Amino acid sequence: MRHDHLISAKQLTRQDIEGVLDRAASFAEDGGGGHEDHLLGLLFFEPSTRTKMSFDTAMKRLGGDTVDMGSVESSSVKKGESLADTVRVVAGYTDAIVLRHPSEGAAKLASEFVDVPIINAGDGAGQHPTQTLLDLYTIRENAGLDDLTIGIMGDLKYGRTVHSLAAALTNFDTRQHFISPESLRLPRGVRYDLHETGAQVREHTGLEEVLPELDVLYVTRIQRERFPDENEYRQVAGQYRIDAATLEAAKDDLTVMHPLPRVDEIAADVDETTHATYFEQAHNGVPVRMALLDAMLGGGGE
Amino acid sequence: MRHDHLISAKQLTRQDIEGVLDRAASFAEDGGGGHEDHLLGLLFFEPSTRTKMSFDTAMKRLGGDTVDMGSVESSSVKKGESLADTVRVVAGYTDAIVLRHPSEGAAKLASEFVDVPIINAGDGAGQHPTQTLLDLYTIRENAGLDDLTIGIMGDLKYGRTVHSLAAALTNFDTRQHFISPESLRLPRGVRYDLHETGAQVREHTGLEEVLPELDVLYVTRIQRERFPDENEYRQVAGQYRIDAATLEAAKDDLTVMHPLPRVDEIAADVDETTHATYFEQAHNGVPVRMALLDAMLGGGGE
Amino acid sequence: MRHDHLISAKQLTRQDIEGVLDRAASFAEDGGGGHEDHLLGLLFFEPSTRTKMSFDTAMKRLGGDTVDMGSVESSSVKKGESLADTVRVVAGYTDAIVLRHPSEGAAKLASEFVDVPIINAGDGAGQHPTQTLLDLYTIRENAGLDDLTIGIMGDLKYGRTVHSLAAALTNFDTRQHFISPESLRLPRGVRYDLHETGAQVREHTGLEEVLPELDVLYVTRIQRERFPDENEYRQVAGQYRIDAATLEAAKDDLTVMHPLPRVDEIAADVDETTHATYFEQAHNGVPVRMALLDAMLGGGGE
């Protein structure tokens, strides 16, 4: 991969993706190093556990170190500094910057002001490309990326993770099934883009009809905030919740994924099944981010 | 020491304790290293300065590094994730986890879900075993652990530090004096357990009668919140406050300890006396935690 | 430089300053190292981005590491611990301490309790000596410190940065012009001290009359809180705001500085001019702090 910044999964070709996944597999196997002189800036303008800790871990596993802005409350952002100024300052301290920000387009904007690589770790309703890469890595390791039948279930309207994954999967030979309540269907624009690529896409309101075919079931959370009424929320959410009994209708080697945090859309009894892959998925954030950082910082780890 | 997790001081035998203290003494003397490839996860669900910073320091003095979840407010715990899920994710990033949590039993619970070692850094009213180990280390360095007469004073009802230390001391040849207001006596269960071990234990409501015999005086804070009435609090707290004049009745080599933070239960003029050992005690947290981490991570530091 | 602590820019002789700047220039050129065994404690009792991140970066660029207290909310300071106690504890963990605190005199106080070097990173309305050093470094790199004509504009009454820089500049052959509204003039005491040194000092209420002579224009923010009336604030602040058009009357090689964060006292179109030096100025915090840390920790980096 040779990009100055990683803003969107859309900028990644199949070759880019496969390069990162191959490199990640090698880091997962052999560990990393070679970046002892590199510092990564962590600018998280929104709470995060998994993403921030896994970037922090990845950089340290590469032998480097990180410099963290800390929470917005403890930073001078409170004094009214613009994002462009903050990023320009930090770019002079570090060799690359990971940015999470509540505003869509923030990472793109930031990348226009600095020379060091910017990695988008989520920009509001926008992109979160390293999540997509670790999802792809997890799928490839467990089910393969070709001749794949995947179901994506839950909140398909607001979930940026889902839109980005769906788009990235069109680089591969996959059949995508989208399972959601009517009110949380994939947005028209996303559907349109998928169809344009010639992707095999179907939509469902229930899991039962498609579960037996699936190689991967990717579950996302249905957020209470999306429903004006608590009762309606409970009713809808309950239909898209899975437990061990649900999965008895699935293939033996079904891979169940979730971007985490989960609340109760996957029952704890699923954790004990061989289907449960969501913790492994989270762990895969480390080698995938090692691979990305290594590539963007100039491949010291090779 | 060979334990998968360190949840409670109760799991430590005399041999375990002496092993850690010997190793700590060696780290205090010679410094550490050998853990360049190890990462320690810091999961503090409650505020902490001393404990967190000294684990952070200990790991870095061993040559390793840490990955910090940050405050709960800046983490996805806010999104409703369970402790078990958070710990399972972080266990995939790091080689061991230090956990502080407001709920008693949290560390035990966490240890049931992961393979990496969990070190309990305080679970509500429960255990805080590394505090006990650094207390024992400080006592051994200053007064010896055998043929010891120790007074433990202040809030003996709610202080987890005190219960844990008292229990651990029964492994050694010690006489324990407990000095507190009637309303803050050791809980019946703790007293019962101490007597069961055959420990030499006495209770007092005043310090004067026992002070001249003591080798160590361990002071703890009496918290305002324990008293419904401000006046009653002041009156009681005032009786268990020491200053340099108080200590004139003590042995010349009395060691005064306190788990910190103190508010005003030890007057500033004690700091200037040779009795004051509470800052040294805090500093001992580093070699003791180095010793623990080194043992639990597989002894790279030897 | 051979000081136990760095509390105030006033303690620095011309020779001290030149020693730090020379060393900083060498770090900027060649990078650092040699402090692999050193830990720096970061105690920030007030929000900070630039200062904290640049100390963190500086220490890591020297090969060392940092241990961070975190925000006051997540520390035991909340439990009522005194600054002296906190600092004494942390001094036992680390090899030097950087302290920011809202109370004037805090760093001096802290330095009286510990043996490890204390570096003042801002104590309320008091001193912020490393800011002064990086300002001097930036001036020396861009305009030289001798035969210098500098304008310092904005809030000259409350800005500690300005007072400290003005005093430090009297060590060199400089002409200082102070440009501010009447209500935000340099305090009488500061003016008196400057005159005492024989410094060439003039005050102005407008930039136009002096701009063409300047080698350096140092802009500071006029804070809304200083004005009881919003309209008055806007009117005054507007007069001390610069943009690219303003600078057409300046020398071609005018250096424009600002301690950051800026709000709107320097228009974005200045960023594109060759005058803009405020991001470089912020970046210079790293080599300057590397130089200081290296000197105070015993020159491992040489």
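The values are calculated or read from the model by the stated rules, or taken from the named source; none is laboratory data. Please read these numbers as outputs of a predicted model, since none were measured by experiment. Heads up, the Cβs are rebuilt from the backbone with ideal geometry, glycines too, and the neighbour counts pull from every protein chain shown. Side chains included, ligands, DNA and RNA excluded: accessible areas come from the protein's heavy atoms. Shrake-Rupley method; radii C 1.70, N 1.55, O 1.52, S 1.80 Å.
Observations on the structure shown:
- Scanning residues 5 or more positions from C:Thr149 or on other chains, those with amide H under 5 Å from its amide H are C:Arg175, C:Asp215, C:Val216, with H placed 1.01 Å from N in the peptide plane.
- Backbone N within segment B:135-171 under 19 Å of label point (7 Å from B:Gln15 Cα along the Cβ vector): B:168-171
- Cα gyration tensor, segment B:187-249 - rounded (a/c under 1.5), prolate or oblate: oblate
- Put a dot 7 Å past the Cα of C:Arg224, heading toward its Cβ, do the same for B:Glu213, and the two dots end up 6.8 nm apart.
- In terms of its C-alpha gyration tensor, segment B:141-299 comes out rounded, because the ratio a/c of the largest to the smallest axis stays below 1.5.
- All alpha carbon pair distances within chain C were sorted into 10 Å bins beginning at 0; the resulting P(r) in whole percents reads 6, 28, 33, 23, 9, 1.
- The smallest convex shape that holds all Cα atoms of segment C:256-297, its convex hull, gives 66 Å³ per residue.
- Sum of side-chain charges, B:Glu203 neighbourhood, beta-carbon under 10 Å (Lys, Arg +1; Asp, Glu -1): +2
- For the residues of A:254-262, the average number of beta carbons from a partner chain within 10 Å of their own beta carbon is 3.
- Computed over chain A: relative contact order in percent, which uses C-alpha pairs under 8 Å that are six or more apart: 22 percent
- Karplus-derived 3J(HN,Hα), 6.51/-1.76/1.60, for each residue of segment B:163-169, Hz, glycine and proline x: 4, 5, 5, 4, 5, 5, 5
- Computed over neighbours whose Cβ is under 11 Å from that of A:Ala267, the net charge equals -4, Lys and Arg +1, Asp and Glu -1.
- Most fluctuating residue given options A:Arg224, A:Arg140, A:Arg191, as computed from a GNM of chain A linking Cα atoms under 10 Å: A:Arg224
- 7 Å along Cα→Cβ, label-point gaps from C:Gly206 to other copies, nm, shortest first: 8.2, 8.2
- The other copies place their C:Glu225 label points at 3.0, 3.0 nm from this one, listed shortest first, where each point is 7 Å from Cα along Cα→Cβ.
- In loop segments of segment C:198-285 as defined by DSSP, the GluC sites (Glu not before Pro) with at most 10 further C-beta atoms inside 10 Å of their C-beta are C:Glu208, C:Glu272.
- Rounded to the nearest 20, the Cβ-based charge dipole of segment B:151-286 about its Cα centre (Lys and Arg +1, Asp and Glu -1) stands at 640 debye.
- Segment B:86-131: trypsin sites (Lys or Arg not before Pro) in DSSP loop, at most 14 other beta carbons within 10 Å: none
- A Förster radius of 56 Å, combined with the Cβ-Cβ distance separating A:Glu104 from C:Glu196, puts the computed FRET efficiency at roughly 0.50.
- Near A:Ser103, the amide H atoms lying under 5 Å from its own belong to A:Gly124; only residues 5 or more places off or on other chains count, and H is placed 1.01 Å from N.
- Loop-resident sites, segment C:67-123, for GluC sites (Glu not before Pro), counting at most 16 other Cβ within 10 Å (DSSP): C:Glu104, C:Glu112
- Listed residues A:Val89, A:Val67, A:Val288, most fluctuating in chain A (Gaussian network, C-alpha, under 10 Å): A:Val89
- Taken one residue at a time, the phi angles of segment A:203-218 give Karplus couplings (6.51, -1.76, 1.60, θ = phi - 60°) of 10, 9, 9, x, 6, 3, 5, 10, 3, x, 7, 6, 8, 9, 10, 9 Hz. Gly and Pro are set to x.
- Teacher prompt: C:Glu36 distances to equivalent labels in other copies, 7 Å Cα→Cβ, nm: 0.6, 0.6
- Unit Cα scatterers, Debye sum, segment B:11-149: log10 I(q)/I(0) for q = 0.13, 0.14 Å⁻¹: -0.61, -0.70
- Shielding of B:45-52 by partner chains, average beta-carbon count, 10 Å: 6
- Most mobile listed residue (C:Met153, C:Met53, C:Met290) in chain C, GNM with C-alpha springs under 10 Å: C:Met53
- Residue mean of other protein chain beta carbons inside 10 Å, C:81-90: 5
- Prolate/oblate/rounded call for the protein assembly as shown, Cα gyration tensor, a/c under 1.5 rounded: oblate
- Amide proton proximity set for C:Phe178, modelled H, under 5 Å, gap of 5+: C:Ile152, C:Arg202, C:Glu203, C:His204
- A:Asp147 exposes around 100 Å² of accessible area when a 1.4 Å probe is run over every protein chain in place.
- By the helix-only formula, in which each DSSP H run with n ≥ 4 contributes -39500 (n - 2.57) and the sum is divided by residues, chain A has a 222 nm mean residue ellipticity of -10500 deg cm²/dmol.
- HN-Hα J in Hz across segment B:175-186 - Karplus 6.51, -1.76, 1.60, θ = phi - 60°, x for Gly and Pro: 10, 10, 10, 10, 10, 6, x, 3, 6, 10, 4, 3
- For the set B:Val98, B:Val190, solvent exposure ranked by accessible area (probe 1.4 Å, protein chains only) runs largest to smallest as B:Val190, B:Val98.
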